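Below is one structure, written out as structure tokens; the observations come after it.
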Amino acid sequence: MIKSVIFDVDNTLLDFMKMKRVAIDAAVDAMIDAGLKIPKEKMIEKIYQVYWREGIEDQHVFDKVLLEEFGYIDYKILAAGILGYRRAKEGALALYPHVQLTLMTLLRWGIKMGVVSDAPRLPVWLRICAFGLHHFFDCVITYDDSKERKPSPKPFLMALDRLNTRPEEALMVGDWAERDIKGAKMLNMRTVFARYGDEFGTKDSGADYEIDDIIELIDIIKLENEGQGYLFPK
């Protein structure tokens, strides 16, 4: 029986990479307008190279690219890029369809909910609170809380402890097979692969379930819990 559901945040609840693409595009336009002498597509490629190397949450990506390219940082160009990024980011970050409806349904059913994210604590909370999701979660475990990234068992175990749930009673939902799914399965948790957020073209996620819309979680929990003595509220 599923008593708790643990979610990743970026590319599972929030369309994070869509926001990232829009914000980076705007940032590079602003840097070019400020005098950057690199073709737009080349600059975007270099930014992503740093992200994949240093982590998608790197707060100094523009500094590093400029330093690598020119050996120094032109602060006029850096400032223009940061402002362009921030302005575009605010309007581009959005929940996936049916997130609110799905979380409301699970809350009504008495299913405990938590978050396990590899991102730093403050950005995670800012994104959760920006969409009013903070009232849904009984716990939020970030990298700053566990100091270990998925698939390490530590962040999952911390969440399970705070949710007072055994691993076999929990469902992990995430978009990254090598981290979200692999880590949860090592603890014998049930797993759901959020295919709609997959950025890697994953062919075989190894998850118990795969979904193309988060609302499919409702039917999965019904399937898992029906016949187990669980009474769904009308």
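Within region 67-75, identify whether any single residue is farther than 16 Å from A23 by Cα, open to solvent by 40 Å² or more (accessible area, probe 1.4 Å), among the small types (G, A, S) and in a helix (DSSP H, G or I), and answer yes or no.
no
Taking region 219-228, which residues are open to solvent by 70 Å² or more (accessible area, probe 1.4 Å) and touching a residue at least 12 places away in the same chain (Cβ under 8 Å)?
Scanning region 219-228 gives a single hit, Q228.
Residue by residue through region 110-149, note down the ones that are open to solvent by less than 20 Å² (accessible area, probe 1.4 Å), without any contact (Cβ under 8 Å) to a residue 60 or more places away in the chain and within 15 Å of the chain's Cα centre (by Cα).
Listed by number, the residues that qualify are V140, I141, T142.
Return only the number of the condition from (1) in contact with a helix residue (DSSP H, G or I) (Cβ under 8 Å, 6 or more places away or on another chain); (2) closer than 30 Å to M31 by Cα; (3) modelled with pLDDT of 95 or more that K154 does not satisfy.
With (1) in contact with a helix residue (DSSP H, G or I) (Cβ under 8 Å, 6 or more places away or on another chain); (2) closer than 30 Å to M31 by Cα; (3) modelled with pLDDT of 95 or more applied to K154, the lone miss is (2).
Taking the residues in region 209-218 that are open to solvent by 50 Å² or more (accessible area, probe 1.4 Å) and out of contact with any Pro (no Cβ under 9 Å at 6 or more places or on another chain) as candidates, determine which candidate is nearest to W109 (Cα to Cα).
E216
Given the criteria open to solvent by 70 Å² or more (accessible area, probe 1.4 Å), assigned to a loop (DSSP other than H, G, I, E, B) and either out of contact with any strand residue (DSSP E or B) (no Cβ under 6 Å at 6 or more places or on another chain) or polar (S, T, N, Q) (or both), does G206 qualify?
Taking the combined requirement at face value, the residue does not satisfy it.
Give me the residue from region 94-108 that is in a loop (DSSP other than H, G, I, E, B) and out of contact with any helix residue (DSSP H, G or I) (no Cβ under 7 Å at 6 or more places or on another chain) and, out of that set, farthest from D15 (Cα to Cα).
Top of the filtered list is H98.
Tally time: how many residues in region 46-64 are of a type in the set (V, I, T) and within 17 Å of the chain's Cα centre (by Cα)?
Going through region 46-64 one residue at a time, the tally reaches 1.
If I ask for residues that are within 20 Å of K154 (Cα to Cα) and not aromatic (F, W, Y), which ones from region 116-139 would you list?
Result: V116, S117, D118, A119, P120, R121, L122, V124, D138, C139.
State the number of residues belonging to region 1-31 that are under 24 Å from K222 (Cα atoms) and among the basic types (K, R).
Going through region 1-31 one residue at a time, the tally reaches 1.
Could you please find all residues in region 76-105 being at pLDDT 95 or above, open to solvent by less than 70 Å² (accessible area, probe 1.4 Å) and not small (G, A, S)?
I77, L78, I82, Y85, L95, Y96, V99, T102, L103, T105
For residues that are assigned to a helix (DSSP H, G or I) and among the basic types (K, R), scanning just region 150-200, find the one that is most open to solvent (accessible area, probe 1.4 Å).
Within region 150-200, the match that is most open to solvent (accessible area, probe 1.4 Å) is R162.
So, of the residues in region 5-29 that are aliphatic (A, V, I, L, M), part of a helix (DSSP H, G or I) and modelled with pLDDT of 95 or more, which turns out to be most open to solvent (accessible area, probe 1.4 Å)?
Here the answer is V22.
Can you tell me which residues in region 30-66 are surrounded by fewer than 13 Cβ atoms within 10 Å (Cβ to Cβ), over 14 Å from A80 (Cβ atoms) and at pLDDT 95 or above?
Passing the criteria: P39, E41, K42, E45.
The values are calculated or read from the model by the stated rules, or taken from the named source; none is laboratory data. This one's a predicted model, so the numbers in the text were calculated from it and none came from an experiment. Note that we place each Cβ from the backbone using ideal geometry, even for glycine, and neighbour counts take in every protein chain shown. Side chains are part of the model used for accessible areas, which takes the heavy atoms of the whole protein and leaves out ligands, DNA and RNA. Shrake-Rupley method; radii C 1.70, N 1.55, O 1.52, S 1.80 Å.
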